[in-house]
Amino acid sequence: MNPMVETTGIEKRYGRTVALQDVTLAMTEGVTGILGPNGAGKTTFLRILATVMAPDNGGLRLLGMDPSTPEHRVDIRRRLGYFPQEPGLYPSFTGFEFVDYVAILKEMVDRRTRHDEVRRVLGLVGLTEVAGKKIKTLSGGMKRRVVLAQALLGDPDLLVLDEPTSGLDPEQRLRFRELLSDVSGHAAVVLSTHQTEDVAAVCNRVVVIHHGAVHFDGSTQALAELARGRVWLADGRAAGAVLSWRTADQRHRNIGDAPAGAELVEPTIDDGYLLLVGETGMKEAA
């Protein structure tokens, strides 16, 4: 299967700050989760995939096309859905009007067909009953669902989502997962999030970006396995722990170099991620 997203040695700088360095990835259908701490370069990477900005160096192909070519970039945007981290909404528009406006920008010219599509995507995100309300009157979670609706217009082949579940309540997040599972059967979905439980639930692949570089690329299970034998319970913080916190039963969950005879527990994606980023951070600080 030909990759729907290909990056080769992508680099991006902001002055002296290196946002991305030597990012080489290939993605096909399914959901790829992008994890990383704040400032890791995740949003810059997604903005490049959404053709909002161009890399300084490296190769990029989206849906088999080169976005640096104007005609290819237009074709890519017709088949692309994008949920930015900080979306710009027009408060005086209704939800329907805003999504309809984006549909017009996507060159959906037939009014009846376009309006049917607007109603469809608003229904997918559970906003049918409030579609006629002004955006300024909607809750934060509803506003983010308006943005998600516009990203789904036209059933895109490539869906780029930057923190889409921020501000959603538990029920809405579960419905979001259901929606992604339907979309990912035919599209490449790139999902940046701080919610590791969302990654574990819907992503068949996870990429960890830290300080602009890829530090892990594999399955969610493989990320959890990085912490195999390095997570244990104790009555307090252990000396060899990189990270430790008190659990609900008042014991400490420790991550790091387990002592002999430690009470080892099954690792999670959180453990693997925290251990990976924590160890990388310590090495860089040394």
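Please check: in the Gaussian network model of the chain (C-alpha springs, under 10 Å), which one of Leu20, Leu152, Leu276 has the largest mean-square fluctuation.
With Cα springs under 10 Å in the chain, the top fluctuation among Leu20, Leu152, Leu276 is at Leu276.
Can you give the Rg to Rh ratio for region 85-179, taking only C-alpha atoms and Rh from Kirkwood?
A ratio of 0.93.
If you average 1/r over all unlike Cα pairs in region 51-119 and invert the result, what Kirkwood radius do you get in angstrom?
So the Kirkwood estimate lands at 14.0 Å.
Add -39500 (n - 2.57) for each DSSP H run of 4 or more in the chain, then divide by its residues: what number comes out at 222 nm, to the nearest 500 deg cm²/dmol?
-10500 deg cm²/dmol
Mind jotting down a quarter of the surface of the convex hull over the alpha carbons of region 1-97, in square nanometres, one decimal?
Working: hull surface 32.5 nm².
If I average the Cα hull's projected area over directions, I get 8.1 nm².
What share of Cα pairs, in percent, lie more than 33 angstrom apart in the chain?
30
log10 I(q)/I(0), Debye, Cα-only region 161-253, no solvent, q = 0.17, 0.24 Å⁻¹?
So the normalised log intensities are -0.93, -1.21.
Please arrange Arg111, Arg253, Arg228 by accessible surface area, largest first, computed with a 1.4 Å probe and ligands excluded.
Details: Arg111 160, Arg253 45, Arg228 105 Å².
Sorted by accessible area, descending: Arg111, Arg228, Arg253.
If you build the convex hull over the alpha carbons only and average its shadow over all orientations, what do you get for region 14-161? Give it in nm² to one decimal.
Here the figure is 10.1 nm², rounded to one decimal.
Please list, short to long, the whole-number percent of alpha-carbon pairs of region 171-218 in consecutive 5 angstrom bins beginning at zero.
P(r) for region 171-218, in whole percents per bin: 5, 18, 29, 25, 13, 9, 3.
Give, rounded to the nearest 20 debye, the magnitude of the charge dipole that the chain has about its Cα centre when Lys and Arg contribute +1 at Cβ and Asp and Glu contribute -1 at Cβ.
820
Residue separation times 0.36 nm, minus the C-alpha to C-alpha distance between Met65 and Ala239: what's the value?
57.4 nm
Remind me, relative contact order of the chain in percent, using alpha carbon pairs under 8 angstrom and six or more residues apart? Intermediate results must be reported in sequence, preceding the final value.
Details: 540 pairs, mean separation 57.8, N = 286.
Relative contact order comes out at 20 percent.
The values are calculated or read from the model by the stated rules, or taken from the named source; none is laboratory data. Predicted, not measured: the structure shown is a model, and the values here were computed from it. All Cβ positions, even for glycine, are placed from backbone atoms using ideal geometry, and neighbour counts span all protein chains on display. Accessible surface areas use protein heavy atoms only, side chains included; no ligands, DNA or RNA. Shrake-Rupley method; radii C 1.70, N 1.55, O 1.52, S 1.80 Å.
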